[in-house]
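Take a look at the structure below.
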Amino acid sequence: MASDGHGAPPPSGLTVVGCDDLDRAVDRYREVGFELSAIGPADEPTWAELTMPGIRLLVDATLGPDAGPRLRIDGIDPSVSCLPPAVEPGPVDRPLRIPPTAPSLAIGHETADGWIRGRAGMRYRDLIPDRWGGAYIASHIHVPDGGPVPDYVHHHDVAHQLIFCHRGWVEVVYEDQGPPFVLEPGDCVLQPPGIRHRVLAASDDLYVVEVTCPATHRTSLDHRLDLPNDRRRPDRVFGGQRFVRHRRAEASWEATDDPALSQQVTGLAAATDGLVSARVVRAAARPDRPWPLDHDLDLRLLFLLAGRASLVGPAGLGEALSEGSSAAIPPSQRYQLDAIEPGTELLLIDARAAAGPG
C-alpha cells in the first residue's frame, strides 16, 4: 500500500447511502455499471458493497431510503469537529470480530412458516435465534426449486464454517480442489476461511445445515476467478485450515460408548486444529439409558436427521424431537437425549470460537 510520505497509509473512503429495498437498490446500481463486491449477512442481507473504477459504495438498508450520500473516511481523527456535514470518520472495512460467547438453550423445529429469504434466493431457518451473543450462526438452508443456482464465486471472512447435506443434493466447486462435485445426504464439507467457492446446481428441495463462527461476517465476491481453476492443491491451507470433503458412502461406522449407537466421524477436527468437529450418530436399537450431551466446549449443536428422540435437562425439561429439530446445548449443563427410537440419526457439531477481540 502506498503511503503519504510519513510512513502511514493514506486514508481510504467509502460512499454510504441508505435504501428501503436492498435487492432493488443493488440491481439499479449494477444497471449503471457498478459491480457487486460484498454482501451480508448471508441469511438476511441488509448491506452490500459495490464498486466501479474510482468509486466504492456501501448500500445499507438499515439506514433507510433518506440516508446519505455520506463519505466515510478511514484514517482521519474522529475527534475533529470541523468535518464537512456529509463526511464521517471510518472504519471503512468490516474487520472479523468474534464476540464473547453468550450461550443459552435454543430448541427449534422445522415448520412451514419458519423460513426467511437470504442470499442468492435461498431460504434460511435460524437454529440459534440469539446467535449466542453473535459468536455463532447455525442455519437450516432450503433451495426449493432444483436446477442451476444463481450463485457467484465468493468467499467468507470467518473463523470456521461447515456445510452438511441433509436432504437432496447440491453441486459445488472449490478453489484448488479440482472439478465440481455433488454433496449427497450425509456428506459435508469444511469451508476454510477465504476459500473461493460456488454453488452450481441443486435438486428440488435441497436442505443443508450450515454452522459458522462468527454470526455476522462478510461475504465477498470474486469476479476475476473462474471455478474450477487449473491449479489443484488439496492440502492447501486457508486461514490455518484445510478443506475437507466427507462422503458418507465411503466412511465407516465406529462404535461409541453405548452399544446401541454407532457414529461416523468427518475429519473436521484434524483440519481445524480442534476448532470444530462433526459426527453423525445413529441408533441400531433403543439405548437402555439416556445419552449424555453435557460438554465443556463453546457450542454443541444437535440436529435430528431422521427418527425421534426426547431432549431432557434441568428443571424437568422434556422436549420431543423429530426430523428437522435442533438443539443448541449450553456448556457445563446436564442435558441428555432419551427415548431414542431405532433408526434415529443425528448430526452433532462441536465448536470453539477462534481467539479474537471481544
Using the basic label-point model (7 angstrom from Cα toward the beta carbon), what is the Leu105 to Leu200 distance in nanometres? 4.5 nm
Run the helix sum for the chain: -39,500 (n - 2.57) per DSSP H stretch of 4+ residues, divided by residue count, reported at 222 nm to the nearest 500 deg cm²/dmol. -1000 deg cm²/dmol
Please compute the alpha carbon radius of gyration of the range 12-79, then divide it by the globular-protein estimate 2.2 N^0.38 Å. Two decimals is fine. 1.10
First measure r as the distance between the Cβ atoms of Arg56 and Asp273, then evaluate 1/(1 + (r/R0)^6) with R0 = 45 Å and state the FRET efficiency to the nearest 0.05. 0.80
On each of the three principal axes of the Cα atoms of the range 250-351, give max minus min coordinate, whole Å, ordered largest first. 38, 29, 25
Angle between the chain longest axis and helix 22-31 axis [Cα atoms, degrees, rounded to 10]: 50 degrees
Would you please give the FRET efficiency between Ala255 and Glu31, computed as 1/(1 + (r/R0)^6) with r the Cβ-Cβ distance and R0 = 56 Å, to the nearest 0.05? 0.40
Provide the gained length on full extension for the span Gln333 to Arg236, in nm with one decimal, where the gain is 0.36 nm per separating residue minus the Cα-Cα distance. 31.1 nm
Where Rh is the Kirkwood radius over the Cα pairs of the range 200-274, the temperature 37 °C and the viscosity 0.692 mPa s, what D in µm²/s does Stokes-Einstein return? 199 µm²/s
Pairwise label distance in nanometres, Cys82 with Ala315, each label 7 Å out on the Cα-Cβ vector: 5.9 nm
Quick one: compute the contact order of the chain, relative version, from alpha carbon pairs under 8 angstrom and 6+ residues apart, as a percent. 15 percent
If packing is taken as the average count of other Cβ atoms within 10 Å, what order do 319-330, 209-220 fall into, highest mean first? 209-220, 319-330
Counting only DSSP beta bridges with both residues in the chain, tell me the antiparallel percent, nearest 5. 95 percent
When every alpha-carbon pair in the chain is counted, what percent end up more than 25 Å apart? 58 percent
Show me the ranking of peptides 138-144, 231-237 by mean Cβ neighbours inside 10 Å, starting with the highest. 138-144, 231-237
Checking rank on 42-52, 240-250, 162-172, with mean other Cβ inside 10 Å and highest first, the result is 162-172, 42-52, 240-250
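Just so you know, all these numbers are worked out from the coordinates, no wet-lab data involved. Given the structure is predicted, the values throughout are model-derived calculations rather than measurements. FYI the Cβ positions are ideal-geometry reconstructions off the backbone, even for glycines, and counts take in every protein chain you see.
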